[in-house]
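Novice: Sharing a structure with you now.
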Amino acid sequence: MTEKSTNQPINQSVLTVPNPAALVTVACELITAAAAVGIAQRGFAAIALSGGSTPLPVYAALAADPDIDWRRWRIFWGDERTVGPDHPESNYGAAKAVLLDHLPKPGPLVMRLAGEAEPDAAALAYEKILHQLVPPRPEDPRRLPAFDLILLGMGGDGHTASLFPHTAALAETERLVTANFVPKLATTRLTFTYPLINAARRVLFLVSGAGKADVLEAVLHGPRRVEEYPSQGVAPGNGTLTWLIEK
Ligand code: 6PG
């Protein structure tokens, strides 16, 4: 595993691993370490899962970890498709199949984004839940819910969560969760916005797939063009940002 800094804030680092198995191992270490800090400091860990395929083997490995006290975890999603939980496109459904269905009971508190509901109402309802279940940093005047860890992926177009290039949600500065119409997908997605993501104590990107190499280089080392590469908008002001990249 190699680590190098990037031309971003000092609290950002890039870890590169040689293969998918190493990505799973290191991701589990980083995720469980972040959870342990939250549990030690606040009695529980607030973790937001990412959608997509990259994290699924990581979720399966976490489910098999006998040392995790799931009763201390509060699990959320950083974005969701506007479909029901049983739909093949559901991020919740994908995580349920490899993680949630394999956990001991009593287990974590799981708060699903209601993709089947009217999108604006679902986003607002989720935002209210976050204010109730994810405490802010004591020093934050905006009282933004501060996740112990927000897991993110990056798409081949540089999107993250459901913050796609040139979409309205990129400009959102007040709402923490919003319904974002994505023209290129001709659908609305529910997504965390930058104010919420950047209030996190830790953000971890998991990136794999050779086809993303050029975009990743542009995101990490190119000029700042958030509209083009929304992943560049992730910069937790008081948190750490780690990119875990599988070559
Ligand atoms: C989603 C995800 C999305 C994902 C990236 C990468 O809802 O699709 O949240 O942001 O993380 O598209 O997806 P892969 O891991 O499948 O490459």
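Every read-out reported here was derived from the displayed coordinates using simple, explicitly stated rules and does not represent laboratory data. Just so you know, these numbers come straight off a predicted model, no measurement behind them. Note that we place each Cβ from the backbone using ideal geometry, even for glycine, and neighbour counts take in every protein chain shown.
Novice: Rounded, prolate or oblate: pick one for segment 21-88, where a ≥ b ≥ c are the square roots of the eigenvalues of its C-alpha gyration tensor, a/c under 1.5 means rounded, and failing that, prolate if a/b is larger than b/c, else oblate.
Specialist: In terms of gyration-tensor shape, oblate.
Novice: Still on this structure: Rg and Dmax of segment 126-222, using alpha carbons, in Å: what are they?
Specialist: Both quantities, over Cα of segment 126-222: 14.4, 42 Å.
Novice: Two decimals, Cα atoms only, Kirkwood Rh: what is Rg/Rh over segment 200-247?
Specialist: Here the Rg-to-Rh quotient is 0.97.
Novice: May I ask which residue of Ala123, Gly237, Pro55 lies farthest towards the positive end of the charge dipole of the chain, with charges of +1 (Lys, Arg) and -1 (Asp, Glu) on Cβ and the Cα centre as origin?
Specialist: Positive-most Cα among the choices belongs to Gly237.
Novice: Please list, or write none, the lysines whose alpha carbon is within less than 24 Å of the alpha carbon of Lys128, excluding same-chain residues fewer than 8 places away.
Specialist: Leaving aside lysines fewer than 8 places away in the same chain, those within reach of Lys128 are Lys96.
Novice: For the chain, modelled as a GNM with alpha-carbon contacts under 10 angstrom, which of Arg81, Arg225, Arg201 fluctuates the most?
Specialist: Checking each option, the largest mean-square fluctuation is seen for Arg225.
Novice: Considering only Thr173, Thr32, Thr54, give the residue with the highest GNM mean-square fluctuation for the chain, with springs between Cα atoms whenever their separation is below 10 Å.
Specialist: Taking springs between Cα atoms under 10 Å, the residue moving most is Thr173.
Novice: Based on DSSP, what percent of beta bridges with both residues in segment 89-247 are antiparallel, to the nearest 5? Don't skip to the end; give the middle numbers.
Specialist: On the way: 8 of 18 bridges.
DSSP beta bridges in segment 89-247 are roughly 45 percent antiparallel.
Novice: In addition: If I build a Gaussian network model for the chain, linking alpha-carbon pairs within less than 10 angstrom, which residue out of Pro135, Pro88, Pro55 has the largest mean-square fluctuation?
Specialist: Pro88
Novice: Cross-link candidates for Lys247: which aspartates and glutamates have Cα within less than 16 Å, leaving aside residues fewer than 8 places away along the same chain?
Specialist: Glu3, Asp214, Glu217
Novice: How high is the relative contact order of the chain, in percent, counting Cα pairs under 8 Å that sit 6 or more residues apart?
Specialist: On the way: 523 pairs, mean separation 56.9, N = 247.
23 percent.
Novice: Something else now. What lysines sit close enough to Lys184 to cross-link, taking a C-alpha to C-alpha distance under 20 Å and skipping anything fewer than 8 places away on the same chain?
Specialist: Lys212
Novice: Same structure again: Return an integer: the convex hull volume of the alpha-carbon atoms of the chain, in Å³ per residue. Intermediate results must be reported in sequence, preceding the final value.
Specialist: Numbers: hull volume 29.6 nm³, N = 247.
Looking at the chain, the number lands at 120 Å³ per residue.
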